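These notes concern the structure reproduced below.
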Amino acid sequence: MNFALNEEQLEIRDSIIRFARQELAECGEGNEFPRAAWQKCAEMQLMALPFPEAYGGCGADFLTTVVATQAFGYACKDAGLVHAVCTQLLCGMQINSFGSEELKRRYLPPLMRGEKIFAQAITEAGSGSDALSMRSRAEHAADGFLLNGTKIFISNGPIADIVLVFAVTNPEVSRISGLSCLIVEKGMTGFSQCPPMAKMGLDTLQNGELVFADCAVPTENLVGSEGQGAILFNESMEWERCLLPAAHLGTLERVMETCVAYAKGRPAFGQPISKFQAVSSKIVEMKIALELGRLILYKVATSKDQHKRAALEASIAKLYISEALKQTCLDAVQIHGGYGYMQEYDVERDLRDSIAATIYSGTSEMQQNIISRFMGL
Ligand SMILES: Cc1cc2nc3c(=O)[nH]c(=O)nc-3n(C[C@H](O)[C@H](O)[C@H](O)COP(=O)(O)OP(=O)(O)OC[C@H]3O[C@@H](n4cnc5c(N)ncnc54)[C@H](O)[C@@H]3O)c2cc1C
């Protein structure tokens, strides 16, 4: 076991931290999508990291992409933007791993350049945790499929140019082999995007409903083969439950550092509050979560680079890091006292942003179910 990052990974990490501090410092005010910042992220090649050089990507392995995402989550305070970029990467990874050569050539270059915004649509009003019981239906039609259904809570959805939509293609067989993934483009007849939904945090992330009403999708827009949707979904969840937690772990580290600085500088009863064990113990828990989170995260990423399944470890990483981030942000507000509750301090926003981490990409309860199933319980 080698726990050290190599020089290239350290260089990428440091350059992303420098970039985010210099170029994205003002990001995250208001609810608008920060298009200029998005474009800067693309120029920094944040959306190109794991993709083959043949399509214009950086050819980085998954561990390096995870290290880069962690650095991005650490240095960029706009968690909505970080989430939007992660969504873009995750869509690209599905196309790159399962898509035809034609789909890769058509979609990966504009994805990496940030010219087209991508979204993935799985959740429906009636099926979130129980995702595979979705009702959206893609029926065979001339030259392709006729797609009908409504998706909800879709990150990047309201502004997306391209959407990877999961739907039932064969209701006669089991859920495992009856789903497929189709690419829908903005402008296709029957596809409409609802305005962004107002939410608790991740302010700049545009998230909302997508409607497909007799939307004609050509056969060549099938990602993978027909009926491969559940396989694609499961593989994609392993990446997602590593990539999003990578960003969360970066945020956790930043919040921890903020708490260290604040606790050392805030006097009470004649000494810095860091000297009170009730305060320092909270920060110690953050440090432990950071170290342990990093181990499980890098284990998942390394397994994926070795083309191994890592569903169990990815669920552990997702559950542990998202819950740790939420607790860290709660404790950070507490440590900051009244100031922590005020919008003037970053920890107020960090807390609002952190709550969703235990919901999207499978709730904490669903991760516990997965882990328990692996244990034969
Ligand atoms: C900010 C944000 C971004 C999102 N982005 C996307 C996206 O880009 N694409 C997409 O497709 N979806 C997205 N989602 C949707 C997200 O994946 C779902 O909200 C999530 O899977 C939960 O589904 P649900 O909301 O229907 O809750 P439900 O499934 O109704 O769950 C409600 C509660 O019941 C619990 N529960 C349900 N079943 C069980 C069980 N078997 N055992 C124990 N507890 C259970 C849950 O844990 C939860 O606490 C996003 C959501 C959010 C908040």
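The values are calculated or read from the model by the stated rules, or taken from the named source; none is laboratory data. Source: prediction; values computed, not measured. Ideal geometry is used to build each Cβ from the backbone, glycine not excepted, and the neighbour counts take in all protein chains shown.
Structure data summary
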quantity	calculated
Flag for residue 94 being under 16 Å from the mean Cα position of the chain (by Cα) and not assigned by TED's automatic domain parsing to the domain that holds residue 208	yes
Residues located in the stretch 216-253, provided they are part of a strand (DSSP E or B) and surrounded by fewer than 23 Cβ atoms within 10 Å (Cβ to Cβ)	216, 218
Single unsatisfied condition, residue 183 versus (1) crowded, with 17+ Cβ neighbours inside 10 Å; (2) within 12 Å of the ligand (Cβ to nearest atom)	(2)
Test for residue 373: is it within 16 Å of the ligand (Cβ to nearest atom) and either more than 30 Å from residue 119 (Cβ to Cβ) or outside any loop (DSSP other than H, G, I, E, B) (or both)	yes
Any chance residue 39 is without any contact (Cβ under 8 Å) to a residue 40 or more places away in the chain and not assigned by TED's automatic domain parsing to the domain that holds residue 156	no
Leading residue by the ranking (nearest to the ligand (Cβ to nearest atom)) among those in the stretch 186-208 that are under 20 Å from residue 90 (Cα atoms) and not aliphatic (A, V, I, L, M)	207
Those residues of the stretch 330-355 which are in contact with a Leu (Cβ under 6 Å, 6 or more places away or on another chain) and within 15 Å of the ligand (Cβ to nearest atom), in sequence order	353, 354
Some residue of the stretch 138-150 being surrounded by 17 or more Cβ atoms within 10 Å (Cβ to Cβ), in the same structural domain as residue 36 (by TED's automatic domain parsing) and touching a strand residue (DSSP E or B) at 6+ places or on another chain (Cβ under 6 Å)	no
Residues of the stretch 121-132 satisfying the condition of being farther than 14 Å from residue 212 by Cα and either touching a Leu at 6+ places or on another chain (Cβ under 9 Å) or more than 10 Å from the ligand (Cβ to nearest atom) (or both)	132
Flag if residue 174 is free of Cβ contacts under 8 Å to residues at least 24 places away in the same chain and closer than 23 Å to residue 94 by Cα	yes
Strands (runs of 3 or more DSSP E) contained entirely in the stretch 140-198, each with at least 3 residues that are at pLDDT 95 or above and under 24 Å from residue 244 (Cα atoms)	144-155, 162-168, 179-185
Every pair of residues 6+ apart whose Cβ atoms lie under 9 Å, when the first sits in the stretch 136-154 and is at positive phi while the second is more than 16 Å from the ligand (Cβ to nearest atom) and outside any strand (DSSP E or B)	143/219; 144/219; 144/220; 144/221
Search result, residues across the stretch 85-116 that are within 16 Å of the ligand (Cβ to nearest atom) and of a type in the set (A, V, I, L, M)	85, 89, 90, 93, 95, 111
Checklist (1) within 16 Å of the ligand (Cβ to nearest atom); (2) surrounded by fewer than 16 Cβ atoms within 10 Å (Cβ to Cβ); (3) of a type in the set (A, V, I, L, M); (4) farther than 21 Å from residue 81 by Cβ applied to residue 176, failing item	(1)
